[in-house]
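**Q** Before I ask anything, here is the structure I am working with.
The values are calculated or read from the model by the stated rules, or taken from the named source; none is laboratory data. Remember, it's a predicted structure, so these values are computed and weren't measured experimentally. For neighbour counting, all protein chains shown are included, and Cβ atoms are generated from backbone atoms with ideal geometry for every residue, glycine included. Quick note on the areas: whole protein, heavy atoms, side chains included, nothing else; ligands and nucleic acids left out. Shrake-Rupley method; radii C 1.70, N 1.55, O 1.52, S 1.80 Å.
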Amino acid sequence: MNAIRRTLLAAALGSLLGVAGAENKFDYCLLCHGAAANGNAGIRAPKLAGMEPWYLTRQLENFAAGIRGTPGDDGSGHEMGPVGLRVKQEGTLADAVTFVGGLPPVRPVVTIAGDAKHGKQLYAACASCHGVKGAGNAQLQAPALAARSDWYLVTQLKNFQAGLRGADERDTYGAQMRAVVTSLPDEKAIADVVAYINTL
């Protein structure tokens with residue numbers, strides 16, 4: 001973990017533990033996830049603004065329960081574990097979700113180059129759950145993919161493939177994703193499908 005990320009995480013956890021300085025009790029989220037929680041690629045903290053409350057809730061609960069973020073190679077997941085656990089223990093998880101999910105979303109800068117035309121073909125397997133326009137589907141518990149941090153989508157697809165995410169037996173939806181990502185044979189295919197998602 002680089003020094004900047006360590007400093008930001010320490011500041012976030014300090015705020016979480018009640019150190020004065022934040023106007024809103026959840027402003028510590030913005031230390032890593034950027035202004036209005038629209039992401040900070042420099043420290044690999046994804047955009048959260050505009051994300052579905054049910055999805056944010058599930059992920060924080062997963063971090064708190066150790067369903068997500070426990071494998072040794074998932075550095076970012078390890079950082080979110082204490083945050084999820086704290087809001088769960090304090091009974092403030094719903095308030096945190098309301099705060100972060102209610103911030104005004106901004107479309108992120110494109111950082112992934114790929115063959116979007118090829119990616120469109122690959123995305124057909126994703127569309128059945130996430131929608132043809134990447135808008136998500138609450139009934140299927142599939143979050144929106146459009147207008148998300150593209151580098152983060154790439155990271156998570158790789159994490160699903162490597163078993164860093166979705167391998168815990170309690171993670172039903174993660175297991176579904178692990179099964180689907182097997183259709184992406186290599187890093188180029190991952191970049192291509194994310195390049196297509198960037199067009200949605």
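**Q** Does region 97-104 include one or more residues that are touching an Asp or Glu at 6+ places or on another chain (Cβ under 9 Å) and in contact (Cβ under 8 Å) with a residue 12 or more places away in the chain?
**A** The answer is yes, given that some residue of region 97-104 is touching an Asp or Glu at 6+ places or on another chain (Cβ under 9 Å) and in contact (Cβ under 8 Å) with a residue 12 or more places away in the chain.
**Q** Of all residues being assigned to a helix (DSSP H, G or I) and open to solvent by 50 Å² or more (accessible area, probe 1.4 Å) in region 156-174, which is nearest to ARG107 (Cα to Cα)? Just the residue, please.
**A** My answer is LYS158.
**Q** So is ASN2 among the polar types (S, T, N, Q) and at pLDDT 85 or above or not?
**A** Judged against the criteria, ASN2 is not a match.
**Q** Considering each residue of region 123-155, count those that are touching a Ser or Thr at 6+ places or on another chain (Cβ under 6 Å) and either buried (at least 19 other Cβ atoms within 10 Å of the Cβ) or not in a helix (DSSP H, G or I) (or both), and give that number.
**A** 1
**Q** Can you give me the ranges of the helices (runs of 4 or more DSSP H) entirely in region 16-97 with at least 1 residues that are open to solvent by 30 Å² or more (accessible area, probe 1.4 Å) and under 21 Å from LEU157 (Cβ atoms)?
**A** 53-65, 75-90
**Q** If you don't mind, there's one more thing I want to ask. What number of residues in region 100-117 are in a helix (DSSP H, G or I) and either surrounded by fewer than 18 Cβ atoms within 10 Å (Cβ to Cβ) or at pLDDT 95 or above (or both)?
**A** 2
**Q** Follow-up. Among the numbered criteria (1) open to solvent by less than 60 Å² (accessible area, probe 1.4 Å); (2) under 26 Å from GLY101 (Cβ atoms), which single criterion is violated by THR199?
**A** The number of the failed condition is (1).
**Q** Residues of region 180-200 being within 24 Å of LEU60 (Cβ to Cβ) and without any contact (Cβ under 8 Å) to a residue 60 or more places away in the chain, which ones?
**A** VAL180, VAL181
**Q** Let me spell it out: the conditions are (1) outside any loop (DSSP other than H, G, I, E, B); (2) open to solvent by 70 Å² or more (accessible area, probe 1.4 Å); (3) outside the structural domain of ALA175 (by TED's automatic domain parsing), and LYS120 meets all of them except one. Which number is the exception?
**A** With respect to (1) outside any loop (DSSP other than H, G, I, E, B); (2) open to solvent by 70 Å² or more (accessible area, probe 1.4 Å); (3) outside the structural domain of ALA175 (by TED's automatic domain parsing), LYS120 is out only on (3).
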